[in-house]
1. How far is it, in nm, from the label point at residue 77 to the one at residue 156 when both lie 7 Å from their Cα along the line to the Cβ?
2. Using only alpha carbon pairs under 8 Å that are at least six residues apart, calculate the relative contact order of the chain and give it in whole percent.
3. Taking springs between alpha-carbon atoms closer than 10 angstrom, which of 87, 31, 22 fluctuates most in the Gaussian network model of the chain?
4. Per residue, how large is the accessible surface of the chain? Use a 1.4 angstrom probe and give square angstrom.
5. Please get the size of the charge dipole for the chain, origin at its Cα centre, with Cβ charges of +1 on Lys and Arg and -1 on Asp and Glu, quoted in debye to the nearest 20.
6. At q = 0.15, 0.17 Å⁻¹, what is the base-10 log of I(q)/I(0) for the chain according to the Debye formula with one equal point scatterer per Cα and no solvent? Please give it to two decimals.
7. Along region 78-94, what does the Karplus equation 6.51 cos²θ - 1.76 cosθ + 1.60 (θ = phi - 60°) give for ³J(HN,Hα), rounded to whole Hz, x for Gly and Pro?
8. Ignoring any ligand, DNA or RNA, what whole percent of the accessible area of the chain comes from carbon and sulfur when the probe is 1.4 angstrom?
Amino acid sequence: MRDFVIATDSDTEIPLSFADKYDMPVFLMPYTVDGEERLFDLGRNTDIIGFYKELANGADAITNTRPPADIAEWFRDIIKGGKDVLYLSFSSALSGHYDLSQMARLEVLEEFPDARIEIVDTLRISMGAGILVMQAQQLKDEGKSLEEIRDWVIDNRQRAHAWFSVNDLNYLKKGGRLSGAQAAIGTLLDVKPILKINREGKIVAADKVKGTKKILKFFLDVIQQNVEQPESQTAFVLHADNLDGAEKMRALIEENVNFKNVVIQDIGPVIGCHTGPGVLAVVFMGKPAAS
């Protein structure tokens, strides 16, 4: 039986240190700032803080995809190294990348019929997917097979909770998730939308909170109502140029929930293109998502 690797893309936003530790293949996803295409490399060379400063100064930022030929070349390089691939992709509901990856897979398997490339749709993005990637690598370290890990991700992807708050509603308006009137009223009333990734892998509005201070309490309530076995897992507090909010969120979690660890991490440019600076998010494993 051939050895295999866990592979992913940079839209899962796994920590760079984790990717380096396991020499994990990561397909770099693109975004464009004022017409200049860039690749998000988990922060190795990407200036994440600089990106949010560009947004604050009025830069136009969008996300896009890379062609199947690029994905095929990435798969091909791994296969030529003598290993099969279990690729954990960010949500198919948020991009055409998953479908393009399936096209690339078929192309490469025609060239290497004895190879194996399995692609799993995590139905999550950012560390909502990354937390599944990290657990998959742990299972591989424990000696689990490609099939066992693939099935675990499929069986547990609905347990990956990812909840976001957005500071500037105009980025959601730009992305078509709020009308201009809703954004204007929400901004005037200091209403902060709470977003989540639902069972279908889409980012949807979950609730509204008036005032920044109430966001922290909302997230804590969500964690306490949904978390399972916190003592054996790491929770993530994500932020987009909002370190102060992230530190307050971590402190509140540590005071009230017995997680093994709580890690603060930057949100990369891909999510940032759609939500803008100031975002705060929590990611953890818990009860299967109800909706």
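The values are calculated or read from the model by the stated rules, or taken from the named source; none is laboratory data. Just so it is clear, the structure is predicted and the values come from calculations on it, not from any experiment. All Cβ positions, even for glycine, are placed from backbone atoms using ideal geometry, and neighbour counts span all protein chains on display. Areas reflect the complete protein model, heavy atoms only, side chains present, ligands, DNA and RNA absent. Shrake-Rupley method; radii C 1.70, N 1.55, O 1.52, S 1.80 Å.
1. With each label point 7 Å from Cα toward Cβ, the separation is 2.9 nm.
2. Details: 548 pairs, mean separation 59.5, N = 291.
For the chain, the relative contact order is 20 percent.
3. So, out of 87, 31, 22, the one fluctuating most is 22.
4. Values: 13120 Å² over 291 residues.
That works out to 45 Å² per residue.
5. Working: 33 positive and 43 negative charges, 241 e Å.
Using Cβ point charges on Lys, Arg, Asp and Glu, the chain gives about 1160 debye.
6. Log10 I(q)/I(0), no solvent term: -1.17, -1.46.
7. Taking θ as phi minus 60°, the curve returns 5, 4, 4, x, x, 10, 7, 10, 10, 9, 9, 9, 5, 4, 5, 6, 10 Hz for region 78-94.
8. Details: 6300 of 13120 Å².
Percent of accessible area from carbon and sulfur atoms in the chain: 48.
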